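As structure tokens, the structure follows; a few thoughts come after it.
Laboratory data are not the source of any read-out in this text; all were calculated from the coordinates shown. Fair warning: this is a prediction, and the values are worked out from it, not measured in the lab. Quick reminder, even Gly has a Cβ in these numbers, built from the backbone with ideal geometry, and neighbours come from all protein chains shown.
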Amino acid sequence: MSLFRLDTSILGTRSSTVALADLVEQEWRAATPGAPVVRRHLGETPLPPTAWSAAVSTRFTPPDRHTPEQRDALVLAAALTDELVAADAVLCAAPLYNFGVSQHLKAWVDLVLTDPRMAPGGDKPLTGRPAVLVTARGGAYGPGTPRDGWDHAIGWMRRIFSDVWDLELTVVERELTLVGVDPALDRFTELAARTRIAAEEQACAAGRNLALRERASLG
Ligand SMILES: Cc1cc2nc3c(=O)[nH]c(=O)nc-3n(C[C@H](O)[C@H](O)[C@H](O)COP(=O)(O)O)c2cc1C
């Protein structure tokens, strides 16, 4: 049993997604004592911004003519993929920024997708492995809200984790995290508190389930 945890928040110790992912991990750990956790925090240590284009450009150049930058990019993509596929379960914490996905997560996914194992149509080495995706947004974009559909991150993240990589995905969502920060949202204080409690309960349940599903997928 092992876990790969990917954090992407740029908000350091104030991060809502890190706090929720901590709950998932805590419950997973309680059910899998001593099992290893491999971590990568893209908000603290982003990937080099030119790695993705360098890796893609290797497709148009014979290997013996690859530049050092291209070789480094391929090595990094393979290392990120090794780290991901070595884990029996995956936990990803990814906030909504500017109505879309964190650029750090996008850079990581783009680079991993350059590895032949992970590209659409590749081997799908993660098929059936359990994963938890934790997300948070400052506002709320569900049905009936004025900006229904403005969250362009969650759909894309589900596509990648569930449909492209075939992970057995559970999603934990927290909304209205900017209540208490943005005075325009003060009228949602009670709703935000309830939403927070619900998300924390879902995170704990997802952590316990992750361990159960991992055990089942390992046979
Ligand atoms: C640069 C930036 C952009 C943001 N853009 C949005 C946004 O478009 N919609 C939204 O609802 N919240 C937005 N937020 C609020 C975050 O989604 C919210 O603070 C969330 O809790 C962030 O998760 P984190 O604390 O784990 O980083 C933004 C926050 C930051 C720092």
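A compact table of results
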item: Considering residues of the range 1-23 that are assigned to a helix (DSSP H, G or I) and over 13 Å from the mean Cα position of the chain (by Cα) only, the residue surrounded by the fewest Cβ atoms within 10 Å (Cβ to Cβ); result: Thr13
item: Long-range neighbours under 7 Å by Cβ, at least six apart or interchain, first residue within 17 Å of Leu42 (Cα to Cα) within the range 2-29, second among the charged types (D, E, K, R) and within 13 Å of the ligand (Cβ to nearest atom); result: Ser16/Arg174; Val18/Asp7; Leu20/Arg174; Ala21/Asp7
item: Residue within the range 55-74 that is under 19 Å from Val171 (Cα atoms) and of a type outside the set (Lys, Arg) present; result: no
item: Tally, over the range 139-180, of residues that are among the acidic types (Asp, Glu) and under 17 Å from Leu84 (Cβ atoms); result: 3
item: Matching strands (runs of 3 or more DSSP E) fully within the range 83-182 where at least 3 residues are within 11 Å of the ligand (Cβ to nearest atom); result: 130-136
item: Number of the condition not met by Thr189 [criteria: (1) within 14 Å of the ligand (Cβ to nearest atom); (2) surrounded by fewer than 19 Cβ atoms within 10 Å (Cβ to Cβ)]; result: (1)
item: Qualifying position, being of a type in the set (D, E, K, R), under 30 Å from Asp88 (Cα atoms) and more than 17 Å from the chain's Cα centre (by Cα), among Glu168, Glu173, Glu201; result: Glu201
item: Given (1) within 16 Å of the ligand (Cβ to nearest atom); (2) more than 14 Å from the chain's Cα centre (by Cα), index of the condition Arg39 fails; result: (2)
item: Count of the range 41-76 residues which are touching a residue at least 60 places away in the same chain (Cβ under 8 Å) and either closer than 30 Å to Ala198 by Cα or in contact with an Asp or Glu (Cβ under 7 Å, 6 or more places away or on another chain) (or both); result: 3
